[in-house]
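One structure below.
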Amino acid sequence: MKTLQDLFEHQLKDLYSAETQLLDALPKVGKRANNGDLKNAFEAHLEETKEHKQRLERICNALDISTSGETCKAMKGLIQETESFIDEVGDKAVMDAGLIAEAQRIEHYEISAYGTAVRYAKELGFDEIATILQKTLDEEYQADNKLDKLAEGRLNTKAKVR
């Protein structure tokens, strides 16, 4: 990579890989949730993730960027960490509280990555693309806030009294 354009393309491919990996992981994680609201949050984010991937495909097509050839190692590691967590927990309330924590780690990664992509798009003069990426960034923030509310509302307390 020699230019900001190269770095931007790398970021888009990395995000595409991350979203693709999440499409495989979210249904498995959602099945492990015990609380109905948490299950619904994972199902809703799965639908959003499908749209995020489609947006990235449209952006890459518009910029003539191939979406293949990149594996987001950070997302791969975060998903592996989540799978390891799931294998270690025996209590339902602790499972839900932990799934929220694992999901928020993923959301925070995505927030950082999309925030960077928005900045790069603006710097490169891709204003329409920046707007599309900002919409996804806003949805990632909303997903994180929804998880916060679930944790603070009752799920962490249930896990605490075990």
Net lengthening on full extension, residue 5/residue 31 (0.36 nm per residue, minus Cα-Cα): 5.4 nm
Chain lengthening between residue 105 and residue 131 when straightened (0.36 nm per residue, less Cα-Cα): 6.9 nm
Residue exposure sequence - 29, 94 - by fewest surrounding Cβ within 10 Å: 94, 29
Residue of 56, 23, 124 that the Gaussian network model of the chain assigns the largest fluctuation, springs spanning Cα pairs under 10 Å: 124
Residue order, fewest to most beta carbons within 10 Å, for 75, 1: 1, 75
Anchor residue 92: lysines whose Cα lies under 23 Å away (excluding residues fewer than 8 positions away in-chain): 28, 31, 39, 146, 149, 158, 160
Rounded FRET efficiency, nearest 0.05, which uses the C-beta distance separating residue 88 from residue 57 and R0 of 30 Å: 0.25
Ratio of Rg to Rh over the chain (Cα coordinates, Kirkwood Rh, two decimals): 1.02
CD proxy at 222 nm, helix term only [per DSSP H run n ≥ 4: -39500 (n - 2.57); per residue of the chain; nearest 500]: -28500 deg cm²/dmol
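Readers should treat all values here as calculations from the given coordinates under stated rules, not as data from a laboratory. Quick caveat, the model's predicted, so the values are computed rather than measured. Cβ coordinates were reconstructed from backbone atoms using ideal geometry, including for glycine residues, and neighbour counts include every protein chain displayed.
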